[in-house]
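What follows is a set of notes on a single structure, which appears directly below.
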Amino acid sequence: MDRVQLADFLRTRREALQPEDVGLPRGPRRRTRGLRREEVAALSGMSTDYYTRIEQQRGPQPSEPMLAAIARGLHLSLEEREHLFLLAGHSAPRRALAADHVDPGVMRILDRLDDTPAQIVNAMGETLRQTRPAVALLGDETGFTGLERSTFYRWFTDPLARRVYPEQDHPRHSRVFASQLRAVYSRLGEESRAAEIVDALLAASEEFRAVWGAHEIGMVHSSQKRLSHPDLGILELHCQVLHDDSQSQALLVFTATPGSASHEKLRLLSVTGDRSPVL
């Protein structure tokens, strides 16, 4: 662990970020160059004291999960993330795990959508980041671990995962999820995380075995979505999808036609509070 270089690297990256780069207000009296330490700590989901000790060359060696959180908070590129791990005395994460690292450009877009339901997902159906309105609409999808991180896995194994869609739409979603998972499995191969999900679902779900056996490919979700909210009822929304350059991640943005009942319901999300994490 190179404490001096690690501290210097974090400081320079922090000072290079402006509040508006991460969706924070600048404020009229701001004199700090770049972000404050407490802002980086909040963006990274850790205490200000913990982050400050790293920048001051104190404290224990950061764990890999902590470094990954700092990389997200500082909007580091994949190369910068690898450099961070090496400075902290860890091996650089395998490139196969790149799907867990959000592209800085995509993250900057998400940070500017603080009043809109939006989230970033990877090819495995794992949600990496959400705006607060997305949590209110869909539930917190970022806290799952293991196979349950994948929407594909939860859809076929946890009945609560289906509450976000009206029941009559479930058969179509099952076919689309199986088709999408097959495309990822075909691209990444038998040693991939996608293959692990497929094997687990074949063992756990009769429904998945049936739709997987149909060998459908190329099915996609409609850009017009019907979502079910426990307080607001059915919302008819448009889902716009922006892919990163590698096509390994997608930014999903949910909007409604202005003047429609669903548009008014989206405005009410800010007062309904966060939806319980059923997904």
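Within region 151-175, restricting attention to residues that are among the β-branched types (Val, Ile, Thr) and within 20 Å of the chain's Cα centre (by Cα), the residue that is nearest to residue 237 (Cα to Cα) is 164. Got at least one residue in region 10-33 being hydrophobic (A, V, I, L, M, F, W, C) and at pLDDT 90 or above? Yes, the conditions are met somewhere in region 10-33. Taking the conditions exactly as written (within 13 Å of residue 124 (Cβ to Cβ), of a type in the set (A, V, I, L, M) and assigned by TED's automatic domain parsing to the domain that holds residue 256), does residue 220 satisfy them or not? Judged against the criteria, residue 220 is not a match. Restrict the check to region 72-86 and report whether at least one residue is in contact with a helix residue (DSSP H, G or I) (Cβ under 8 Å, 6 or more places away or on another chain), at positive phi and in the same structural domain as residue 238 (by TED's automatic domain parsing). No. Total residues in region 59-85 satisfying the condition of being more than 19 Å from the chain's Cα centre (by Cα) and in contact (Cβ under 8 Å) with a residue 12 or more places away in the chain: the figure is 6.
Yes or no, residue by residue, for (1) part of a helix (DSSP H, G or I); (2) exposed (fewer than 13 other Cβ atoms within 10 Å of the Cβ); (3) outside the structural domain of residue 113 (by TED's automatic domain parsing); (4) of a type in the set (Asp, Glu):
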site: 10; (1), (2), (3), (4): yes, no, yes, no
site: 13; (1), (2), (3), (4): yes, no, yes, no
site: 26; (1), (2), (3), (4): no, yes, yes, no
site: 29; (1), (2), (3), (4): no, yes, yes, no
site: 42; (1), (2), (3), (4): yes, no, yes, no
site: 61; (1), (2), (3), (4): no, no, yes, no
site: 66; (1), (2), (3), (4): yes, no, yes, no
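Between 197, 217, the distinction of being outside any loop (DSSP other than H, G, I, E, B), within 28 Å of residue 254 (Cβ to Cβ) and among the β-branched types (Val, Ile, Thr) belongs to 197 only. The condition of being in the same structural domain as residue 199 (by TED's automatic domain parsing), assigned to a helix (DSSP H, G or I) and farther than 19 Å from residue 201 by Cβ holds for only one of 119, 168, that being 168. Residue check: residue 114 meets all listed conditions (1) in contact (Cβ under 8 Å) with a residue 24 or more places away in the chain; (2) acidic (Asp, Glu); (3) outside the structural domain of residue 254 (by TED's automatic domain parsing) but one, namely (3). Looking at 66, 124, just one residue is hydrophobic (A, V, I, L, M, F, W, C), modelled with pLDDT of 80 or more and closer than 27 Å to residue 254 by Cβ, and that residue is 124. Restricted to region 130-147, and to residues there that are among the charged types (D, E, K, R) and either more than 14 Å from the chain's Cα centre (by Cα) or assigned to a loop (DSSP other than H, G, I, E, B) (or both), the residue that is surrounded by the most Cβ atoms within 10 Å (Cβ to Cβ) is 141.
The values are calculated or read from the model by the stated rules, or taken from the named source; none is laboratory data. In this text the structure is predicted, and so the values were computed from the model without any measurement. Backbone-built Cβ (ideal geometry, glycine too); neighbour counts: all protein chains shown.
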